[in-house]
2 protein chains.
Amino acid sequence: MSNVTPLRRTTDRQNKNVDALTTLQSLVADDMALVNTTILDRMQSPVSLIPQLAGHLIASGGKRLRPMLTLASSKLVGYEGKRHCKLAACVEFIHTATLLHDDVVDESELRRGKDTANAVWGNQASVLVGDFLFSRAFELMVEDGSLKVLKILSSASSVIAEGEVQQMMTVADLSTDEDTYMDVIGSKTAALFAAACQIAAVVAERPEREEAALASYGRNLGLAFQIIDDVLDYNANQASLGKTVGDDFQEGKITLPTILAFQRGTDIEKAFWKRTLSEGDIREGDLDHALDLLAKSNALGDATRRAQYFADKAMDSLSLFKACASRDALADIVHFCLQRGH
Amino acid sequence: MSNVTPLRRTTDRQNKNVDALTTLQSLVADDMALVNTTILDRMQSPVSLIPQLAGHLIASGGKRLRPMLTLASSKLVGYEGKRHCKLAACVEFIHTATLLHDDVVDESELRRGKDTANAVWGNQASVLVGDFLFSRAFELMVEDGSLKVLKILSSASSVIAEGEVQQMMTVADLSTDEDTYMDVIGSKTAALFAAACQIAAVVAERPEREEAALASYGRNLGLAFQIIDDVLDYNANQASLGKTVGDDFQEGKITLPTILAFQRGTDIEKAFWKRTLSEGDIREGDLDHALDLLAKSNALGDATRRAQYFADKAMDSLSLFKACASRDALADIVHFCLQRGH
């Protein structure tokens, strides 16, 4: 019987996670239908490759987490119009454009368990269709007509690009420290999460402090989300989810798990990380050895604890708002992001 | 003596072209100083690779033709503020972002006679720094605060991306006809020329018909400019300007000269174009043979005549405005764009 309790607890937790996503999806289902229509409608172009390629990525099973944050945040602040649906589509277009350009960047061969657009159509198409979606996002924002929303999302876009460049510069560089890593993920991931939530308060014309609280919620959720994403890259269980284990290792990406393991390593271990991550000399068995070192130094567990810190801050940012179904859903999604790694 | 007259005429014409550019530059020199300051100021980032790479391209001897069009158009419509300088910087940022992303696209090894940013820093950097400049352009526009300007430039950006994708799809495809070619260059080149001119009338709050006239001027100038650019790619004299002759040929790009030569070719000539442009089987001596076929079919001369048609329309668009130094400068720049091929 001693196995039953942890097993049930794990199952419960998994169910709770599935429920968190399902609950959020149900909460915003009507609005999301309009977002999806907008996305399909506005990715059209007489140049047929554009909807083909954009559709490939947009249809490939993404959770639509970022636009859902805009929709749920709008509900949280009591917004009753429809502007947030168009803006949620903008957020997804910006995210999709980033994914397309990331494909050029990291030559990843699997994303969400499917071929990347890049693998199917090539670098050039990924760059140009990304540009189209990005421009289209701005056209949608301009149609909405709020200069404040435009300011938030254009600023987020610049910051994302800065974060992507900075990440590229840290590849293979084991002198990258945790602060630099936090800068990178703050820019490349958390900026859009923050903007996605903040714009809800703007369209609802809520006071500055609610805007700030939603931005803080999004930012901290984004940081937790990205740390867990980087932990998951070394999580063998992910193979079953169609993700490749060790992509970051193969590409020499320096993420929190490897920063911690390197710092805590012996000289021999440091030499291993240098040979593999810095010099790109990766041999058979190296990934398994890397996983052993990550386990030995408790790097994955401690990275998850760091993520917990940001998750806690995200939860506290919600305390400004009255308890309601939207607040519960946004709180549960923090747990979902944190616990998908378990 | 029989050689003297044509020689002098050529020299005169060259001088006139140099003068057209110099005259335009002098006309807008004060404003351009502010544009350059804005460009340098706003391409800064704590991520040092961004100003390095952007500076490489921005400093690499471009004519700044597009922002000059915004500045001269603003003078033409009597605008006396400073908003046009920031918007001219936006136009240059959008253009520079496109060049960076083009580097990924066509793997051209020389642009303006220098190494491309791509050759120096790689595909990833070109994509991401392009994204940064593009986002920064939108931030500048948002600071300016005109939704009408934002609409014009975000729409132009989408159209440019569509044109670039469409151009990519026509590579190696000899069934590409002149109409398709005109669609491509209308999108990838003329849309930004049109927008650069049109926004001047918007900031000056001039009537709709002046806006339309400036958009038409820019659009037709852009079409003439791009046709001549494509003619120049097969002009051996360009070698002296640091440009490679036959880049388009090597890359299988289908431009107006090859469309005309292919249509007019014998079966044997058509087979030659198929082997080289479609199948990419390019052997020693093929470029020279291509140049012979272009000469034989008068494709370069006739493409230039097509450019003349758009140049004439650009000139006529200026007739709405009273004669003044700005109008003269804008008219002369049409001749400059047309005659740089001679």
- Task: Using only alpha carbons, build the gyration tensor for the stretch B:114-233 and give me the equivalent ellipsoid semi-axes, biggest first, whole Å.
- Result: 27, 22, 12
- Fewest to most neighbouring Cβ within 10 Å: what's the order for A:Met43, B:Met315? B:Met315, A:Met43
- Message: Taking each residue in B:141-152, count the Cβ atoms of any other chain within 10 Å of its Cβ, then average. What number comes out?
- Response: 4
- Note on the structure: Rounded to the nearest 10, the angle in degrees between the Cα long axis of helix A:191-203 and the longest principal axis of the Cα atoms of chain A comes to 20
- Item | Helix A:83-106 vs. chain A, principal-axis angle (Cα, 0 to 90°, nearest 10) | 30
- Percent relative contact order of chain A, based on C-alpha pairs within less than 8 angstrom and at least six residues apart? 21
- Message: What Kirkwood Rh does chain B have if only Cα atoms enter the pairwise 1/r average? Answer in Å.
- Response: 20.8
- Sorted from largest down, give the three principal axis spans of the alpha carbons of the stretch B:187-235, whole angstrom values. 43, 14, 13
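Enter the per residue convex hull volume of the protein assembly as shown, computed from alpha-carbon coordinates, in Å³ rounded to the nearest integer.
177
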- Note on the structure: In the stretch A:122-231, the chymotrypsin sites (Phe, Trp or Tyr not before Pro) that sit in a DSSP loop and have at most 13 other Cβ atoms within 10 Å of their own Cβ are none
- Would you mind ranking A:Ser319, B:Ser126, A:Ser297 by Cβ crowding within 10 Å, fewest neighbours first? A:Ser319, A:Ser297, B:Ser126
- Query: Using a Förster distance of 22 Å, how high is the FRET efficiency between B:Ala325 and B:Ala33, based on the Cβ-Cβ distance and rounded to 0.05?
  - Reply: 0.75
- Query: Measuring from a point 7 Å out along Cα→Cβ, what nm distances, shortest first, does B:Lys82 have to its partners in the other copies?
  - Reply: 4.3
- If R0 is 56 Å, what FRET efficiency do you get for B:Arg264 and B:Lys63 from their C-beta distance, rounded to 0.05? 0.95
- Message: Give the average, rounded to an integer, of partner chain Cβ atoms located within 10 angstrom of each Cβ in A:41-50.
- Response: 4
- Dipole check, chain A, charges on Cβ (K,R +1; D,E -1), about Cα centroid: among A:Ala213, A:Ala59, A:Tyr234 the Cα furthest to the positive pole belongs to A:Ala213
- Mind running the shape call on the stretch B:220-342? Use the C-alpha gyration tensor, a ≥ b ≥ c as the square roots of the eigenvalues: rounded below 1.5 for a/c, prolate if a/b tops b/c, oblate otherwise. prolate
- Task: Return the loop-located GluC sites (Glu not before Pro) in the stretch A:194-270 (DSSP other than H, G, I, E, B) with at most 16 other Cβ atoms within 10 Å of their own Cβ; answer none if there are none.
- Result: A:Glu205
- ³J(HN,Hα), Karplus 6.51/-1.76/1.60, whole Hz, each residue of the stretch A:256-270, x for Gly, Pro: 3, x, 6, 4, 5, 5, 5, 4, 8, x, 6, 4, 5, 5, 4
- Binning at 10 Å from 0, report for the stretch A:152-204 what percent of all alpha-carbon pair distances ends up in each bin. 26, 44, 21, 7, 1
- Item | Order of B:Asp332, B:Asp41, B:Asp131 - criterion: other Cβ atoms within 10 Å of each residue's Cβ, fewest first | B:Asp41, B:Asp332, B:Asp131
- Against the longest principal axis of chain B, how steep is helix B:147-170, in degrees 0 to 90 to the nearest 10, with axes from Cα atoms? 10
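Any read-out appearing in this document is the output of simple, stated calculations on the displayed coordinates, not a laboratory observation. All of these numbers come straight from a predicted model, not from anything done at the bench. Methodologically, a virtual Cβ is constructed for each residue, glycine included, from the backbone with ideal geometry; neighbour enumeration extends over all protein chains shown.
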